[in-house]
Amino acid sequence: MAVGDWWRYGVIYQIYPRSFADADGNGIGDLDGITEHLDHLAGHADSLGVDAIWLSPFYKSPMADYGYDVADYRDVDPMFGTLGQFDTLLAEAHRRGLKVIVDFVPNHTSDQHEWFIESRSSRDNPKRDWYVWADPKPDGSPPNNWRSSFAEVGSAWTMDETTGQYYLHSFMREQPDLNWWNPEVRDAMDDVLRFWLDRGVDGFRIDVAHRMAKDPELADNPLIEVDAELRGSDRREALLAASNGGEDLRDQDWPEVHEILRRFRRTISEYDDRMAVGEVYLLDMPKLVSYYGRGDELDLCHNFVFLHQPWKADAFRAVVEEFEGLLPEGTWPDYFLNNHDHSRVVTRYDDGGNGRARARVAAMMLLTLRGTPFLYQGEELGMRDGPVPPDRIVDVDGRDPERTPMHWDASPGAGFTTGEPWLPIDPEHERVNAAAQRGDATSMLSLYRRLLQLRRGSPALRQGAYASLTSAPDGVFAYLRTTSDEQLLVALNMTSDPVRFAATPQGAGGQLELSTDPGRHIGQVPLAALDLGPDEGVIVRLR
Ligand code: NOJ
């Protein structure tokens, strides 16, 4: 395999450690739990067949934001295990041919990080400037109008009484933003990267990669009005959409961020065949692709525009075509539809009970586009957003439902835990679980396995060119994936009505390789009159 092949042509699976598998029975997932379940992912005849895992944070943390508030970048939180247990996980993953990407959270630390404890201790502490401190306005109010990404938090500034200044936090008060204008911060974070690279990790997912650099003058953001009732990702989406085309935001996406990313890239390139994927939460694609630099910044940028599309063929087609058109020479696309911050596809796209049928079509789309697919734990089982009663809500931003524990089997703890789970287990796990789906050819898990298998065996799906099929009727997203000796047609019916259309003008037939409808007969199909059932996707081999 050539350098970079694994993350370009492979499939990456996100693990949210708290909710994946709990080996010690305290109700919270841990590293040993992950190690014990690696066969689900790779190296076994029954495995899903992914190529890499991305681990959400498992570092020492007070868990205000469930690990995205890091108190020590170089240690594992005891809740999750030890560095030794991490090394075992890494070795066991590598033994199965799985690469391991870890989350890197450079924009902010926990307020319990020793750097911040020092920084807040006095105005002349040597670490004072490692964070963003500013004087109040003359009336005592915060230095500017910047808001936390979390609606519940309000202002992005908190007054620290000891020293009489405000500190910046783009997220919770417990997550003070580092000051990336300070060269010592850059050096310290390079050391963090090297610490994990030396341990053998294969790459990083960079948390809020677009937020590290901000206006050093701390000028106000342009005023953006959105519905005050909106929460969570709906609010973020509305804010970002409203800011598009307007004046630039001051608290993120500042030009200097590209220099920081080039520096990360240089550090990571000191090691063989490692990569970085960035969470670039910008809903403007020209801005998004600028984070690839000239192939010298991020290797991959998570495309949130794709995730935010309504269930409409022309909407997805437009995003794919725009992304394909904008990507700088030599760079590579990637797609995802689920993660730990967003409502799951089964719930998000449900319209009167067809959520799972649509999720099957979504899986086919994700795994046949040109670009690296990212899956999120449980999506391969068709997990929905778990019901979380008001007295069990723990997240500040409404993200508990997409984080409920993984469904391994039908037992009361879902095979996730023998203890009291930190978030309620969806009662649906009695039907929707890995054990039940493994031997069932009609299950969501079987569909994902089959799609991954097809992709692995198909140069056209992994590496081939992408072209939209212009003959597709309204409501059908169809495209060709082509190499010199292979061509596959993917046709996704995103409506709830059957359709028949002429995929190619010639009367020739093609070989139906896979349908999202497990009942459909596999064999020759006429291309001049291709039939798709309601909410059905197909892959047809043309050569
Ligand atoms: C993005 C992460 O995905 C999210 O879970 C977290 O709350 C914020 N960044 C802050 O780190």
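The values are calculated or read from the model by the stated rules, or taken from the named source; none is laboratory data. Not measured: the values here are computed from a predicted model. All Cβ positions, even for glycine, are placed from backbone atoms using ideal geometry, and neighbour counts span all protein chains on display. The protein model used for the area step is the full one, side chains on, heavy atoms only, and it has no ligands, DNA or RNA in it. Shrake-Rupley method; radii C 1.70, N 1.55, O 1.52, S 1.80 Å.
General remarks:
- Set Arg399, Arg455: member being at pLDDT 95 or above, charged (D, E, K, R) and either open to solvent by 30 Å² or more (accessible area, probe 1.4 Å) or in a helix (DSSP H, G or I) (or both): Arg455
- Test for Asp46: is it in the same structural domain as Ala436 (by TED's automatic domain parsing), more than 16 Å from the ligand (Cβ to nearest atom), open to solvent by 10 Å² or more (accessible area, probe 1.4 Å) and in contact with a Gly (Cβ under 8 Å, 6 or more places away or on another chain): no
- Residue within the range 83-91 that is within 14 Å of the ligand (Cβ to nearest atom) and among the small types (Gly, Ala, Ser) present: no
- Residues in the range 137-162 that are more than 16 Å from the ligand (Cβ to nearest atom), open to solvent by 20 Å² or more (accessible area, probe 1.4 Å) and part of a loop (DSSP other than H, G, I, E, B): Lys137, Pro138, Asp139, Gly140, Ser141, Pro142, Pro143, Asn145, Glu161, Thr162.
- Residue that is farthest from Asp273 (Cα to Cα), among those in the range 8-34 that are without any contact (Cβ under 8 Å) to a residue 60 or more places away in the chain and part of a loop (DSSP other than H, G, I, E, B): Asp24
- If the condition is being within 16 Å of the ligand (Cβ to nearest atom) and part of a helix (DSSP H, G or I), then the range 163-190 contributes only Met189.
For every residue, the table says whether it meets (1) on the phi > 0 side of the Ramachandran plot; (2) more than 16 Å from the ligand (Cβ to nearest atom); (3) at pLDDT 95 or above; (4) assigned to a helix (DSSP H, G or I).
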| position | (1), (2), (3), (4) |
| --- | --- |
| Ile260 | no, yes, yes, yes |
| Leu282 | no, no, yes, no |
| Ala315 | no, yes, yes, yes |
| Glu329 | no, yes, no, no |
| Trp332 | no, yes, yes, no |
| Asp341 | no, no, yes, no |
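- On inspection, Gly295 qualifies as at pLDDT below 95 and of a type outside the set (A, V, I, L, M).
- Selection of the range 163-197 for residues being aromatic (Phe, Trp, Tyr) and surrounded by 18 or more Cβ atoms within 10 Å (Cβ to Cβ) yields Tyr166, Tyr167, Phe171, Trp180, Trp196.
- If you check Ala219, Ala213 for being open to solvent by less than 60 Å² (accessible area, probe 1.4 Å), modelled with pLDDT of 70 or more and under 25 Å from the mean Cα position of the chain (by Cα), only one passes: Ala213.
- Taken over the range 62-77, the residue count meeting the criterion of being more than 11 Å from the ligand (Cβ to nearest atom), under 24 Å from Arg194 (Cβ atoms) and part of a loop (DSSP other than H, G, I, E, B) is 2.
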